[in-house]
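Below: the structure, in structure tokens.
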Amino acid sequence: MTPDTDTPQNLESIGSAEEHLDQPARKGRAWKRFRRNPLAVVGLIMVAGFVLIATLAPVLTELPRSCLRDLELTAANQHDYRNPVKPVFWKAIFAPPKSCFTIARVSFSTQPADAATTKTVLGTTSGGYDIFYGLVWGTRTAFKVGLIVVGIAFAIGIIIGSLSGYIGGVFDNLVMRFTDIVISLPSLVVALVVVMVLGKSIENIMLAIAVTAWPSYARLMRGEVLRIKEEEYVAGARAIGRRPLGIIGRHVLPNAIGPIVIVASLDIGSIVLTAAALSFLGLGAEIGYADWGQMISFARDWILGPPGKPFYFWYVSFWPGLIILLFVLAWNLLGDAFRDVLDPQSK
Amino acid sequence: MLVFIVRRLLLLPVVFVGVTLAIVLLMQLLTPYQRAAAYVQSEQQIRNIDSIIVQYGLTDPWYKQYGRWIGEVVKGNLGYSRTAREPVLTTLGKRFPVTLELAILAILPVIGVGVAMGTAAALNRDKPIDQFARVASIVGWSLPTFVLGIWLLVIFYGWLGWFQPGRISDAIRISTGPNSGFVNYTRMLLVDSLLNKRLDVFWDALIHMVLPVITLSVVQSAQIMRVMRSSLLDALGRDYVRTARAKGLPEHVVTHKHARRNALIPVITLSGFVLIGLINGVVITETIFNYPGLGQWAAASAVNLDYASVLGFAVFTAMMVVLANLLVDILYGVVDPRIRYE
């Protein structure tokens, strides 16, 4: 994955020259390394594609009646949300009412139906939920879940890690042992307990995953703080009498946070995966909420077609499965490439 | 060594208290009425819910509730599982061997395939086999367990009809039921069937395990492969490998005896995480394949809001993880003599 390290003209620049490169030059090299990696570029394009789908969700789908009503659209002007000149277009994209996240229902049929019969893009699940609508708006849910969970876990990790690293001693020891325990608990089991106790909802799923996601960031942060604590400018700040919290906030955090932001954001794929797994088990969002895991759990009773036609309802489990796979794959491809860039030693 | 093991075993009660305390505190967020639901067994009791709250002291401060609960646990009473309709402890005893059997069978391909593919990829760096292994590992790693499980079920059960969900066929179940003379020594069917000299049962149980084992192992072996590849590449660049080559040792001795043995150390570190991944995977896999182990019970209990069961499962899992990590640490020393237990 790192062809440039093998070529002779690059070999000489790896050693001492690297240290003399100034910041922009090093960034340029990292970008070059990243660009040369075909899998990384594929990952980047895929993530961009998902961002596009999520953003353009109102334009891509036929909005259901409740959503149109909440957007204050009537039968006469109901397609205004596809017209960029009208303000409702921007409202639908940036501040859609909650009802738009309710999957459009084509019918109330107990059986799934294919695309041709229902005149939908990908067919419907049992209950007449439009698969295409659920997947497109589910992309928004996926990003929302991913970003919020990363945000919460990141905040907890940063606070605990920096305090632990800066204060040190017994406090550090206790906090790190606690972190060890949390990190060794299976995330799905913890999430199972939390969601069961707090109740089924997308918010509680996010909380449940954040509870298990923070320790790795706390460890990273602690390591960075321990390293930066020894720097001269921190000693200087202490010498002029700054308080520890001030030092952490002004000097340590800004210098430590960069790599952790990247590591954390690359976890979005696996976070969405855990959320989908919970939904699949029946601990997810309320029925009808656009969420990939729920789409798969709709499929659970319709995995097999009638006798003799095993693939009769294939679209019910195939499309949601494929979308989740592609989403996780995209983030993993990106993550893999970033780890290569961040750690030139890795092969 | 002994001191090390004892000290690590002392961690068990700490984890136990930590995990249970966290759960009990979390449950304080519920109203006493909701907590009482964990004890309700019938319609009759719902009408007398206030008396249940008084009976179990659910309005007491949390530390009293916790103390009472711990007292029960020490006596061996983990509560009653509404989902399994029997005491939680009984269910744990019945279902753990089922899951353990599945997990042991899954670990073999995880380690075997992962290490073999990782080795092949590292020894053929940048050749087609390496490229293939890397793409396969990243796709395998990204495959959600539930998606893979469902797709396998559609193809191999629905379409080809080779395998079935469940643990055992109905006919075989009847022939091994009570009064059939079939003795459950370990409750692990593969072992028990051999001890009972019933090859038909052995074969049937094995066939039923194929799909769950594949589902469980794909994701984890991809992870092992990645680590094996990069750590072997790292080892191959070390001085001792150059020395071994300079001595004129045959190439396969250099790669297998010198480089690979050292490259295995990070893989062993990872195996602790593989176990966690397997526990997560078991909950989903057993649910998809209707396999009557701990995971299926835990998932069903959580959906049923069966607090006692999920609590029991969570505590049991946490204990298992601590024990397994201890095992991993001991294994470390076997592979890497440089490691000292202090």
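The values are calculated or read from the model by the stated rules, or taken from the named source; none is laboratory data. Quantities reported herein were computed from a predicted structural model and do not represent experimental measurements. A quick note on method: Cβ atoms are made from the backbone with ideal geometry, for glycine too, and the neighbour counts reach across all protein chains shown.
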Positions within the stretch A:311-342 being surrounded by fewer than 20 Cβ atoms within 10 Å (Cβ to Cβ) and without any contact (Cβ under 8 Å) to a residue 12 or more places away in the chain, in sequence order: A:Phe311, A:Tyr312, A:Phe318, A:Leu322, A:Leu325, A:Arg339
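Return the only residue of A:Gly134, A:Gly138, A:Gly146 being touching an Asp or Glu at 6+ places or on another chain (Cβ under 7 Å), closer than 27 Å to A:Ile93 by Cβ, more than 12 Å from every other protein chain (Cβ to nearest Cβ) and among the small types (Gly, Ala, Ser).
Details: A:Gly134 fails: touching an Asp or Glu at 6+ places or on another chain (Cβ under 7 Å); A:Gly146 fails: touching an Asp or Glu at 6+ places or on another chain (Cβ under 7 Å).
None of the other options fit; the residue is A:Gly138.
Checking the condition over 12 Å from the mean Cα position of the chain (by Cα), part of a helix (DSSP H, G or I) and under 30 Å from B:Tyr157 (Cβ atoms), which residue from B:Ala263, B:Ala259, B:Ala298, B:Ala244 passes? Step through it out loud before you land on a result.
Numbers: B:Ala263 fails: under 30 Å from B:Tyr157 (Cβ atoms); B:Ala259 fails: under 30 Å from B:Tyr157 (Cβ atoms); B:Ala244 fails: under 30 Å from B:Tyr157 (Cβ atoms).
When all the criteria are applied, what remains is B:Ala298.
Tell me which helices (runs of 4 or more DSSP H) are completely within the stretch B:78-194 and hold 1 or more residues being under 30 Å from A:Leu39 (Cα atoms) and out of contact with any helix residue (DSSP H, G or I) (no Cβ under 7 Å at 6 or more places or on another chain), or say none if there are none. Break it down stepwise before answering.
Numbers: elements: B:88-123, B:128-142, B:145-152, B:170-176.
Because the criterion is at least 1 residues that are under 30 Å from A:Leu39 (Cα atoms) and out of contact with any helix residue (DSSP H, G or I) (no Cβ under 7 Å at 6 or more places or on another chain), the helices (runs of 4 or more DSSP H) in the stretch B:78-194 that meet it are B:88-123, B:128-142.
Can you say whether A:Met221 is surrounded by 20 or more Cβ atoms within 10 Å (Cβ to Cβ) and within 27 Å of A:Ile158 (Cβ to Cβ), as far as the supplied structure shows?
On the way: surrounded by 20 or more Cβ atoms within 10 Å (Cβ to Cβ): yes; within 27 Å of A:Ile158 (Cβ to Cβ): yes.
When the stated conditions are applied, A:Met221 passes them.
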Helices (runs of 4 or more DSSP H) wholly inside the stretch A:184-253 that include at least 2 residues being of a type in the set (Val, Ile, Thr) and within 14 Å of chain B (Cβ to nearest Cβ): A:187-198, A:202-229
The one condition in (1) within 14 Å of chain A (Cβ to nearest Cβ); (2) under 16 Å from B:Ala308 (Cβ atoms); (3) surrounded by fewer than 20 Cβ atoms within 10 Å (Cβ to Cβ) that B:Pro87 fails to fulfil: (1)
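Can we say A:Tyr129 is at pLDDT below 85, surrounded by 21 or more Cβ atoms within 10 Å (Cβ to Cβ), farther than 30 Å from A:Phe178 by Cβ and among the aromatic types (Phe, Trp, Tyr)? Step through it out loud before you land on a result.
On the way: at pLDDT below 85: no; surrounded by 21 or more Cβ atoms within 10 Å (Cβ to Cβ): yes; farther than 30 Å from A:Phe178 by Cβ: yes; among the aromatic types (Phe, Trp, Tyr): yes.
In short, no.
Does any residue of the stretch B:237-253 turn out to be crowded, with 18+ Cβ neighbours inside 10 Å, assigned by TED's automatic domain parsing to the domain that holds B:Ser137 and in contact (Cβ under 8 Å) with a residue 24 or more places away in the chain?
If we filter the stretch B:237-253 for residues that are crowded, with 18+ Cβ neighbours inside 10 Å, which is where we start, we get B:244.
If we keep only those that are assigned by TED's automatic domain parsing to the domain that holds B:Ser137 as well, we get B:244.
Pick out the ones that are also in contact (Cβ under 8 Å) with a residue 24 or more places away in the chain and you get none.
The answer is no; no qualifying residue exists.
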Residues located in the stretch B:118-155, provided they are at the interface with chain A (Cβ under 10 Å from one of its Cβ atoms) and within 30 Å of B:Asp200 (Cβ to Cβ): B:Leu148, B:Gly149, B:Ile150, B:Trp151, B:Leu153, B:Val154, B:Ile155
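Quick check on my filter: what residues within the stretch A:37-90 are among the basic types (Lys, Arg) and either within 18 Å of A:Phe132 (Cα to Cα) or touching a strand residue (DSSP E or B) at 6+ places or on another chain (Cβ under 8 Å) (or both)? Write out each step before concluding.
Residues of the stretch A:37-90 among the basic types (Lys, Arg): A:65, A:69, A:82, A:86.
The answer is A:Arg65, A:Arg82.
Take B:Leu190 and decide whether it is of a type outside the set (Ser, Thr, Tyr), assigned by TED's automatic domain parsing to the domain that holds B:Leu331 and closer than 30 Å to A:Leu188 by Cβ.
Numbers: of a type outside the set (Ser, Thr, Tyr): yes; assigned by TED's automatic domain parsing to the domain that holds B:Leu331: yes; closer than 30 Å to A:Leu188 by Cβ: yes.
Here the answer is yes, as B:Leu190 does meet what is asked.
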Where B:Thr215 falls short, out of the listed (1) more than 21 Å from B:Pro292 (Cβ to Cβ); (2) β-branched (Val, Ile, Thr); (3) within 14 Å of chain A (Cβ to nearest Cβ); (4) in contact (Cβ under 8 Å) with a residue 40 or more places away in the chain: (1)
B:Arg167 modelled with pLDDT under 90, under 20 Å from B:Leu105 (Cα atoms) and away from chain A (no Cβ under 12 Å): yes
